[in-house]
Amino acid sequence: MRLLAELFLSFIRIGLFTFGGGYAMIPLIERVCVDKKKWISHEEMMNITVIAESTPGPIAVNCATYVGLKKKGLPGAAAATVGVVFPSFCILLLISFFFDRFLEIAWVASAFRGIKIAVGILIVDAAVRMLKKLPKKAAPICILLCSFGAMLLIDLFSLHVSTIVLLLAAAGVSLIVCLVKRQTGKGTQR
């Protein structure tokens, strides 16, 4: 029961003090779950981020669900998920009552401009942390650079290409590289 409460309270703090969605939450989730509580490893955090991005639903919710499930099964998954969602739900419920007048308040508008900048920094922080942990091998670096180049060209030329297509292409290239390595590994062992 204590671990369930700890999961709930940890993720409620993450949800309460993070603006900007899942990418902005990744550094906080990593700080709490990997560095402080040691519930998961850095490798698991990277895998969770990739899987959470590839599956339906918000990244933070998927990460919280995975960590909770790993630590305490289905009750842990529920506790962590409710914890990460609860603050946003309460804040949005409160804002919905006063939405029209809420955005007209000068200090609220200024706060949101500052929050936008902070969210961008948190997303860059998450990207830099993941880059540092990227295996220093040719295939992952090549896939990273090709994906970045493709995204840059798509943005510059305002092409309508889904990020899902890029994710599937990167996954396909990774699978091909894995199969080629497996085949060449078998050939050299004979």
So, of the residues in the range 98-123 that are at pLDDT below 80, assigned to a helix (DSSP H, G or I) and of a type in the set (Phe, Trp, Tyr), which turns out to be nearest to GLU30 (Cα to Cα)?
-> PHE112
Close pairs (8 angstrom Cβ cut-off, 6 or more residues apart or separate chains): of a type in the set (D, E, K, R) in the range 91-117, surrounded by 10 or more Cβ atoms within 10 Å (Cβ to Cβ) and not in a helix (DSSP H, G or I) anywhere | LYS116/GLY20
If you go through the range 81-131, how many residues are closer than 23 Å to ASN62 by Cα and hydroxyl-bearing (Ser, Thr, Tyr)?
-> 2
Neighbours by Cβ (under 8 Å, 6+ apart or cross-chain): first from the range 29-47, in the same structural domain as ARG129 (by TED's automatic domain parsing); second in a loop (DSSP other than H, G, I, E, B) = CYS33/TRP39; CYS33/ILE40; VAL34/ILE40; VAL34/SER41
Quick one: is ARG129 in the same structural domain as MET45 (by TED's automatic domain parsing), among the basic types (Lys, Arg) and farther than 15 Å from ALA24 by Cα?
-> no
Scan the range 63-102 for residues that are hydrophobic (A, V, I, L, M, F, W, C) and within 18 Å of MET45 (Cα to Cα) and jot them down.
-> CYS63, ALA64, VAL67, LEU69, ALA77, ALA80, VAL84
Test for LEU74: is it out of contact with any Pro (no Cβ under 7 Å at 6 or more places or on another chain), at pLDDT 85 or above and not small (Gly, Ala, Ser) | yes
Among (1) surrounded by 10 or more Cβ atoms within 10 Å (Cβ to Cβ); (2) modelled with pLDDT of 80 or more; (3) under 21 Å from the mean Cα position of the chain (by Cα), where does ILE164 come up short?
-> (1)
Would you please name the residue that is surrounded by the most Cβ atoms within 10 Å (Cβ to Cβ), looking only at residues in the range 85-119 that are closer than 23 Å to TYR23 by Cβ and among the basic types (Lys, Arg)?
-> LYS116
Out of all the residues in the range 120-138, which are of a type in the set (A, V, I, L, M, F, W, C) and surrounded by 10 or more Cβ atoms within 10 Å (Cβ to Cβ)?
-> ILE121, LEU122, ILE123, VAL124, ALA126, ALA127, VAL128, MET130, LEU131, LEU134
Selection from the range 1-51 of residues that are among the aromatic types (Phe, Trp, Tyr), assigned to a helix (DSSP H, G or I) and modelled with pLDDT of 90 or more | PHE8, PHE11
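The values are calculated or read from the model by the stated rules, or taken from the named source; none is laboratory data. Note that the coordinates shown come from a computational prediction; the quantities given were computed from them, not determined experimentally. With ideal geometry, Cβ positions are generated from the backbone for all residues, glycine too; neighbour counts draw on all protein chains shown.
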